[in-house]
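Accompanying notes for the structure given below.
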Amino acid sequence: MSTSKPVRFTISRLYKADEASNIRCTETIYTSTSNPSPKRWEDNVEELCTIKWETKIDISSLPTFTNCLGKVFYELLADVEMTCTGGSLDFAIYHDGKRQGSKNMAVDYETRS
């Protein structure tokens, strides 16, 4: 795939009030040779990479979510953006419309044998 148009998807994570001083998100990206991509795990689905993001967010600024048991959680919404240019993949995280600094983010690629 060679394109300069980024692909984005939104992630949502729920946190209890005592968990949110330092927020850590991990998102695994998978790849497949099927076209269209399968909606569930198949033999040709493989892990491509894991994106790790750590940030400090004022939890009171996040929207709340109440589950069916009445427990309240704070919801973090962020966008993961992937850009393919030439032979490289670039990832970015956006929260509240702002691109997060690369010092708070790491991408670990799965090694293939």
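No value in this document is a laboratory result; all are computed from the given coordinates. Since we're looking at a predicted model, the values are computed, not measured. Cβ placement follows ideal geometry from the backbone for every residue including glycine, while neighbour counts extend to all protein chains displayed.
Observations
- Highest mean first, the peptides 73-84, 49-60, 6-17 sorted by other C-beta atoms within 10 Å per residue fall in the order 73-84, 49-60, 6-17.
- Counting charges near ARG13 (Lys, Arg +1; Asp, Glu -1) among other residues having Cβ under 11 Å from its Cβ returns a value of -2.
- When the listed pairs LYS39/LYS71; LYS39/LYS103; LYS52/LYS98; LYS5/LYS56 are checked against a 28 Å cut-off, the alpha-carbon distance exceeds it for LYS39/LYS71; LYS39/LYS103; LYS5/LYS56.
- Here the spin labels are modelled as points 7 Å beyond Cα on the Cα-Cβ line, and at LEU14 and TRP41 they lie 2.3 nm apart.
- Measure of compaction for segment 33-92 (Cα Rg per 2.2 N^0.38 Å): 1.67
- Under 13 Å, Cβ to Cβ, from VAL45 - net charge with Lys/Arg +1 and Asp/Glu -1: -3
- Segment VAL7-GLU54, length gained on full extension (0.36 nm per residue, minus Cα span): 14.8 nm
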